[in-house]
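Accompanying notes for the structure given below.
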Amino acid sequence: MTTVLLDNATPATDKFIEDLVNNSCNIVYKNDVVPRGYGYLSFIEDFVEDATDDLAKAIPVPGILKRMIDVQSRIEDLVDDATENEAVGSLIEVFSQYRHLGNIIHYAEEDAKPTVLKDMGAFHKNTSGEKNLFRSVKYVPFKGDIIAEFMVWHMAPIRGPGLAYPPKDLMK
């Protein structure tokens, strides 16, 4: 999500944006939070909520001390406080203006048929019932080591399996 569209663009900018929309795509694998980082904040909130327990476990504090200071609740409170902070609220307002241009190629699973999605922006009201919108793909809760899986979700289009060239072919 690298683009904020402004109403006061010049005709040259409008032409550039049109060319960009018609000639670009992004690949998104499973629950990858990175391409959703700016403009799809509810997805990020769902990921953080799902990852809170694993984040608490990853903090190198002895178990009894973690229970005494309730690390998991403190992480949850930190996230809640951040979203209620005025400065963070201003950032969220700006972040929500970002969107992907062009097509988004989404793979729900490694062997799934890709879905072509469009990002209409955080404030798009889908009054006409459009299908295949980026924000219609919701976060899927994960069971397992979510911290490790985060990197799998993000790197799969580059490292594979199936979405990238094998390393031996890249060295040619």
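The values are calculated or read from the model by the stated rules, or taken from the named source; none is laboratory data. Nothing here was measured: the structure is a model prediction, and the numbers come from that model. Because the Cβ atoms are built from the backbone with ideal geometry, glycine has one as well, and the counts that use them run over all protein chains shown. For accessibility, only protein heavy atoms count, side chains too; no ligands or nucleic acids. Shrake-Rupley method; radii C 1.70, N 1.55, O 1.52, S 1.80 Å.
Given (1) of a type in the set (Asp, Glu); (2) open to solvent by less than 70 Å² (accessible area, probe 1.4 Å); (3) outside any helix (DSSP H, G or I), where does residue 109 come up short, assuming only one miss?
(2)
Looking at the stretch 9-54 only, could you name the residues that are assigned to a loop (DSSP other than H, G, I, E, B) and without any contact (Cβ under 8 Å) to a residue 12 or more places away in the chain?
9, 10
Run residue 167 past the list (1) modelled with pLDDT of 85 or more; (2) over 20 Å from residue 47 (Cα atoms) and report the number of the one that doesn't hold.
(1)
Which condition number does residue 101 fail, the rest of (1) in a loop (DSSP other than H, G, I, E, B); (2) exposed (fewer than 13 other Cβ atoms within 10 Å of the Cβ); (3) at pLDDT 90 or above being met?
Failing condition for residue 101: (2).
Suppose we keep only residues that are under 26 Å from residue 155 (Cβ atoms) and hydroxyl-bearing (Ser, Thr, Tyr) within the stretch 1-43. Which one would you say is most open to solvent (accessible area, probe 1.4 Å)?
Just the residues of the stretch 1-43 that are under 26 Å from residue 155 (Cβ atoms), to begin with: 1-3, 20, 23-43.
Checking the rest, the ones that are also hydroxyl-bearing (Ser, Thr, Tyr) come to 2-3, 24, 29, 38, 40, 42.
Values: 2: 122, 3: 23, 24: 36, 29: 10, 38: 100, 40: 10, 42: 62 Å².
Ranking the qualifying residues of the stretch 1-43, first place goes to 2.
Out of the residues in the stretch 118-136 meeting the condition of being touching a residue at least 40 places away in the same chain (Cβ under 8 Å) and not in a helix (DSSP H, G or I), tell me which one is farthest from residue 96 (Cα to Cα).
Within the stretch 118-136, the match that is farthest from residue 96 (Cα to Cα) is 119.
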